[in-house]
Every structure is written in C-alpha cells, then in structure tokens.
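These notes concern the structure reproduced below.
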Amino acid sequence: AMFVGDSFVEGFMATDNETIPRGFELAAEAAGKPMATINLGIGASGIADYLAVIQDAVPIFRPDIVVLVLYANDFPAGQAVGGQLGSGTAAIRSNPYIPRLYVVVSRLLRGDGVATRWTKKPFMFLPAASSSRNPLHDEELLKYARGFVSPDILESMLQGRFNPFVINEYSKYERHLRLPMQFEGVIEQVKRYVEAYGSQLVLAYIPYKAQVSDHYFKYIRQFDANKEPAALTTMPYQLQARFLRDESKRLGVPFLDMSAILRQREASGERMYWNYDEHMRGTSYLLIGKEIYRRWRSSATAPVN
C-alpha cells in the first residue's frame, strides 16, 4: 500500500512508528493479512505535489492500493493542480561499474542529499527570526503579531521554538473551508492513472482540528486575531468532505472520511490533535491508519484474496 499526502502522512510531531502507514500495517498484521506500506508523505506539499509523486512512484512500485490522504488545507486547489498525469518518469538506475562509495562522496561534495536505510534523529525544524525563513523576520508582520499573539508564544516563535506559521491559522481556515472546492476531475484523473498500473485508488480525508472540536479554541485564541471564533463543526464548514464523498461515490472510489471517528473521540475527552499545533498526536495517526485499513477491507470495492 502506497500512502501519498502531506505532513499528516509523513508523520509530523510523531515518531516513525506512529504514522498513518504504520497504523495500516499493524491493522493488516492483526487481521492476519500482512501488507507492506510505502510512506510518501511530504511536509508542506499540496495537490500538485501529490500528483507528481503519484505519476513517478506508481509506475515504479506498482502497489496494490494507493491511499491518497487529503487534509483540510489542501483546498481549494484551484490552478495549483494544473496539467494532466503523464506516463511517469523513468527510474534512474545506478551504473553497476561505478562504486557506490564514489557516488555517495560525489553527492556529499555537491551538497546533495544521500539516501540511507536509516532514519535521522529528530531535529529543530523551525529557524529563529534572524533567518529569512522565519516569517517574523519581516518587521511589519512582527509589529502586526505583537497586537494579538500571546507574548510568551511570540517570544518562542522568535527563537524558533514555536511554529510562526500558525499566526491567524483559525482565521484562514474559517475563510477557506467555506470556499468552492475547485477539484473537479482530479480524482477521476488519478483513478484512471493508478488503475492503468494495476493499483486501486483509495481516498481518505482528515479535517482541521476545530472542525471536530471546540476544545482547541482556548489555545487558538493565543495566536489568532479573532478572539471570538465561530464553531467550525457546523455544516457550512463541511463542504470538503461532502464534495469528496459525492465525487468518490460517482467514480466508485472508496472514500474514508475520518471526521466522525475523530469527533467521537474528542467528545469522549480524548485529544486527537496537539493543543498548540494543527498536527495529530502519534496515537491519533495510528488510529487513522488502522481505521483506513478496516474501512478499506470492509468496502465493497476491496479486492478479495
């Protein structure tokens, strides 16, 4: 099973053993039908990036299923989708006559990355405001943020210990969750492409945390200009899931909306997301992976072994 998506698939804020693909593997093992997974989640990516990954990776790996995990900030996709899926990029094979050590040293000297079978240790992802990669490097934005961001949080943002991109996070979601999807034809395009290589497309959707619980408002208020946020759990803010469900039903693609189970867990007092970050806790990623497996296996379109 190949998983494609953004940081929620890659597993931001969790360990390598607490990802959605890992949860899928565990559920498959528990059911006595082991399945290997490939995690192709890429943080800070979007729809256009997913299509590029699918175009290149599916012809190489030819997985049984391709699980495209969409998150609330993937929409509206608009012109960013663009183009059509082509024939895929041919895999680059290593020259058997060139020593692997020579290739590794050459890449290091050029400043290129070197792929390994080992994972890297955790590292600080965010730079301090002295770096231009931190948006608070902009004096105008910093001045604006001082007007409503909690002083302690703002100081942590300046030091690179708190994500500065969450500033006005709620306000941005409140606005774009009500916008038209602009996603027509994309699912059908991906379905045709993966099926041409013998794969089955499965679609999953993860909502923004305020779409499933008002619990997070007391934290969101500390870095959002809107101090009286409206509930995003109401129907006007569920356009994305409804559109994806209807489109998937029309195309015969299994659609696994995670909204209901997340709301149930939140209502019982279990916190599925981090309070100060929009990402999920490791146990939540595992739950999503297990739920994807369970629903996929029980769907009418799941292959019978």
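List every residue whose amide H lies under 5 Å from the amide H of D6, counting only residues 5 or more places away in sequence or on a different chain, with H placed 1.01 Å from N in the peptide plane.
I42
Work from the charge dipole of the chain (Cβ charges, +1 for Lys and Arg, -1 for Asp and Glu, about the Cα centre) and give the residue of P96, F183, L85 farthest towards its positive end.
Result: P96, furthest along the dipole toward the positive end.
Which value, in Å² rounded to 10, gives the accessible area of H176 with a 1.4 Å probe and all protein chains present?
That residue has around 30 Å² of solvent-accessible surface.
Just how large is the dipole of the chain about the Cα centre, in debye to the nearest 20, putting +1 at every Lys and Arg Cβ and -1 at every Asp and Glu Cβ?
That gives a dipole near 600 debye.
For a quick check: with amide H placed at 1.01 Å from N, whose amide H comes under 5 Å from L256's, ignoring anything fewer than 5 positions away on the same chain?
L203, A204, Y205
With springs only between Cα atoms under 10 Å, which of G185, G23, G11 fluctuates most in a Gaussian network model of the chain?
Maximum among the listed residues: G185.
If each residue of separation counts as 0.36 nm, what is the full-extension length gain between A260 and F61 once their alpha-carbon separation is subtracted?
Gain on extension, A260 to F61, equals 68.4 nm.
Please give the net charge around H279, taking every other residue with its beta carbon less than 14 angstrom from that of H279, where Lys and Arg add +1 and Asp and Glu add -1.
Its environment carries a net charge of -3.
Going from the alpha-carbon gyration tensor of the chain, what semi-axes, largest first and in whole Å, does one get by taking the root of 5 times each eigenvalue?
Equivalent-ellipsoid dimensions as semi-axes: 32, 27, 19 Å.
Quick one: if you stick a label point 7 Å off each Cα along the C-beta vector at R110 and L179, how many nm between them?
3.7 nm
Apply 1/(1 + (r/R0)^6) to the Cβ-Cβ distance of R146 and Q189, taking R0 = 35 Å, and write down the FRET efficiency to the nearest 0.05.
Here the calculated transfer efficiency is 0.15.
Could you pull out every residue, at least 5 positions away or on a different chain, whose amide H is within less than 5 Å of the one on Y208? Hs are placed 1.01 Å off N in the peptide plane, and Pro or chain starts have none.
Here the answer is A72, since their amide H atoms fall under 5 Å of that of Y208.
Remind me, relative contact order of the chain in percent, using alpha carbon pairs under 8 angstrom and six or more residues apart?
Relative contact order of the chain: 26 percent.
From the square roots a ≥ b ≥ c of the eigenvalues of the alpha-carbon gyration tensor of segment 12-143, which class results: rounded (a/c under 1.5), prolate (a/b over b/c), or oblate?
Rounded shape, in that the Cα axes give a/c under 1.5.
Find how much the distance from D246 to E155 grows on full extension, using 0.36 nm per residue of separation minus their present alpha carbon separation; answer in nm with one decimal.
This chain segment gains 28.3 nm when fully extended.
With a point put 7 Å past each Cα toward its Cβ, work out how far E228 is from A30 in nm, to one decimal.
Here the modelled spin labels are 4.5 nm apart.
For the chain, what is the calculated [θ] at 222 nm in deg cm²/dmol (nearest 500), taking -39500 (n - 2.57) for each run of four or more DSSP H residues and dividing by its residue count?
Only helices count here, giving -11000 deg cm²/dmol.
Longer than 31 Å from Cα to Cα, which of K33/K249; K143/K209; K121/K143; K191/K227 are they? Say none if no pair is.
K121/K143; K191/K227
Taking a temperature of 25 °C and a viscosity of 0.890 mPa s, what whole-number D in µm²/s does Stokes-Einstein yield for segment 191-251 with Rh from Kirkwood over alpha carbon pairs?
It comes out at roughly 172 µm²/s.
By what distance, in whole Å, do the Cα atoms of segment 113-241 stretch along each of the three principal axes, largest value first?
The Cα atoms of segment 113-241 stretch 53, 47, 26 Å along their principal axes.
Among V114, V194, V67, whose mean-square fluctuation peaks in a Gaussian network model of the chain (Cα, cutoff 10 Å)?
Checking each option, the largest mean-square fluctuation is seen for V114.
Per residue, how much accessible surface does the chain expose to a 1.4 Å probe? Answer in Å², no decimals.
Dividing the accessible area of the chain by its residue count gives 53 Å².
List the extent of the Cα atoms of segment 170-280 along each of their three principal axes, largest first, rounded to whole Å.
Ordered largest first, segment 170-280 gives principal extents of 49, 28, 21 Å.
By average Cβ neighbour count within 10 Å, what is the ranking of 197-203, 264-270 from highest down?
Ranked from most to least packed, the peptides come out as 197-203, 264-270.
The values are calculated or read from the model by the stated rules, or taken from the named source; none is laboratory data. All figures in this text were calculated on a predicted structure; none of them were measured in a lab. Virtual Cβ from ideal backbone geometry, glycine too; neighbours counted across all protein chains shown. Note: areas computed on protein heavy atoms with side chains; ligands, DNA, RNA excluded. Shrake-Rupley method; radii C 1.70, N 1.55, O 1.52, S 1.80 Å.
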